[in-house]
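Notes for the one structure printed next.
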Amino acid sequence: MCAVRLISRPMQQDGANILGIETSCDETAAAVVADGKIVKSAVVASQVKLHEKYGGVVPEIASRAHVENIYPVIKEAMEQAGVERGDIDAIAVANQPGLTIALVVGVTAAKTLSFAWGKPLIAINHLHAHLQSAVMAEDDLQLPAAALIVSGGHTSLYDYRSPLEPQLLGSTIDDAAGEAFDKVATILKLPYPGGPSIQKAATDGDPAAIKFPRSMLGRDSLDFSFSGIKTAVLYHCRGQNMKGENRVDSMSRQEIADIAASFQAAVVEVLVKKTRRAIRRIGARTVLLGGGVAANSALRAALQKMCDGLTPATKLLVAPKQYCTDNAVMVGSLAYYKFKAGLFADLTLEPKASG
Ligand code: KG4
Ligand code: ZN
């Protein structure tokens with residue numbers, strides 16, 4: 001089994017205990033969360049080592065690793081939380097969107113436990129759960145919020161007025177932001193996963209060195225497109241006719257740092273400008289940021305600067321770093337609102353690629 005890392009210390013307190021399960025991509029995760037806020041345990045078995053030689057997630061390998069990890073991860077989450085089946089009030093699982101052959105492992109485990117333990121089953125949208133990571137510690141959430149999810153598979157903006165029904169305002173028409181980071185890292189021959197590698201390389205680079213394209217898709221659009229910038233990086237490395245070899249091997253460290261910094265600056269600028277459009281469109285009082293790319297320091301800083309500069313200033317809530325990438329705390333936390341509303345799934349629940 002892959003290494004299981006504990007990403008939060010268990011806390012003891014009574015309440016509605018929900019066991020959350022997450023297997024939408026390449027992390028097998030389980031957590032026990034009480035009342036949507038109190039993290040009693042959080043366990044993640046990462047598959048990074050399995051996928052790194054391919055430069056991306058291989059669905060079949062991910063699915064097999066989930067099968068291997070799911071039981072030990074759930075067991076560890078229960079033990080770390082100091083709870084037994086009788087203490088659990090509901091089982092929640094991310095059933096969409098994601099890789100169906102990965103999702104099915106978590107969904108099957110959750111259905112089995114729900115049936116065997118006689119506990120209600122709650123279906124969770126993985127992207128809505130990412131938003132929950134940003135709001136779960138906030139006691140005074142001012143709505144509406146403009147919510148940005150930037151992950152390996154998705155880039156979406158929402159009009160957020162309640163945890164259960166975020167309304168989609170726009171999304172990517174091609175690559176997701178995280179996917180662009182990963183692909184550009186591959187072009188630059190930086191280690192997988194690409195996002196953290198690009199961020200690290202960019203630290204010593206000049207963000208103004210190369211003017212990569214910023215695709216805004218028209219004045220009012222809240223959709224995103226990141227495939228053009230990825231291609232622009234490729235052209236930059238192979239020459240405009242694409243006939244040359246990738247020059248990366250002969251580039252200096254500084255040249256690579258400049259490309260990484262310039263690429264990151266272009267992506268961040270687009271994300272910030274689109275978020276500002278969304279704020280204006282819906283009159284947002286808060287901005288939420290979640291998903292793997294939300295761990296990016298340049299993005300966090302630029303969004304903070306933009307929010308501080310607005311009149312009136314708009315509060316930015318960002319997911320804590322350990323809950324930016326995939327985890328089950330966000331699943332267990334969001335499920336609390338469905339639990340309170342009596343919104344349960346039944347044993348016919350299936351995984352869905354989209355959603
Ligand atoms: O949310 P997530 O764990 O998985 C999906 O639901 O897709 O996001 C993973 C993505 C990867 O593309 C990874 O490269 C990116 O998040 N990522 C980052 C950073 N940390 C992770 N991208 C930019 N900067 C980072 N520091
Ligand atoms: Zn995710």
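The values are calculated or read from the model by the stated rules, or taken from the named source; none is laboratory data. Since the structure is predicted, the reported quantities are computational estimates derived from the model, not experimental observations. Backbone-built Cβ (ideal geometry, glycine too); neighbour counts: all protein chains shown. Ligands, DNA and RNA are excluded from the accessible area calculation, which covers all protein heavy atoms including side chains. Shrake-Rupley method; radii C 1.70, N 1.55, O 1.52, S 1.80 Å.
Checking ALA137, ALA209, ALA146 one by one, the residue that is touching a residue at least 24 places away in the same chain (Cβ under 8 Å), away from ligand 1 (no atom under 16 Å from the Cβ), assigned to a strand (DSSP E or B) and not hydroxyl-bearing (Ser, Thr, Tyr) is ALA146 and no other. Please determine whether any residue of region 168-189 is in contact with a Gly (Cβ under 9 Å, 6 or more places away or on another chain) and more than 14 Å from ligand 1 (Cβ to nearest atom). Among the residues of region 168-189, at least one is in contact with a Gly (Cβ under 9 Å, 6 or more places away or on another chain) and more than 14 Å from ligand 1 (Cβ to nearest atom), which makes the answer yes. Contact map, region 153-165: first residue open to solvent by 40 Å² or more (accessible area, probe 1.4 Å), second residue in a strand (DSSP E or B) and away from ligand 1 (no atom under 16 Å from the Cβ), Cβ cut-off under 9 Å, separation 6 or more or different chains; pairs are ARG161/ALA145; ARG161/GLN167. Here PHE226 fulfils each of the conditions (1) open to solvent by 40 Å² or more (accessible area, probe 1.4 Å); (2) within 20 Å of the chain's Cα centre (by Cα); (3) at pLDDT 95 or above apart from (1).
For region 149-167, enumerate the residues that are more than 17 Å from the chain's Cα centre (by Cα) and within 15 Å of ligand 1 (Cβ to nearest atom). Selection gives nothing. The lone criterion from (1) open to solvent by 40 Å² or more (accessible area, probe 1.4 Å); (2) within 12 Å of ligand 1 (Cβ to nearest atom) left unmet by ASP308 is number (2). Residues in region 311-329 that are open to solvent by less than 20 Å² (accessible area, probe 1.4 Å), hydroxyl-bearing (Ser, Thr, Tyr) and within 12 Å of ligand 2 (Cβ to nearest atom): TYR323 only. Condition check: hydrophobic (A, V, I, L, M, F, W, C) and open to solvent by 20 Å² or more (accessible area, probe 1.4 Å). Does LEU143 satisfy that? Against the criterion (hydrophobic (A, V, I, L, M, F, W, C) and open to solvent by 20 Å² or more (accessible area, probe 1.4 Å)), LEU143 qualifies.
Taken together, ILE61, ILE101 contain a single residue that is within 21 Å of the chain's Cα centre (by Cα), over 17 Å from VAL329 (Cβ atoms), modelled with pLDDT of 95 or more and open to solvent by 60 Å² or more (accessible area, probe 1.4 Å), which is ILE101.
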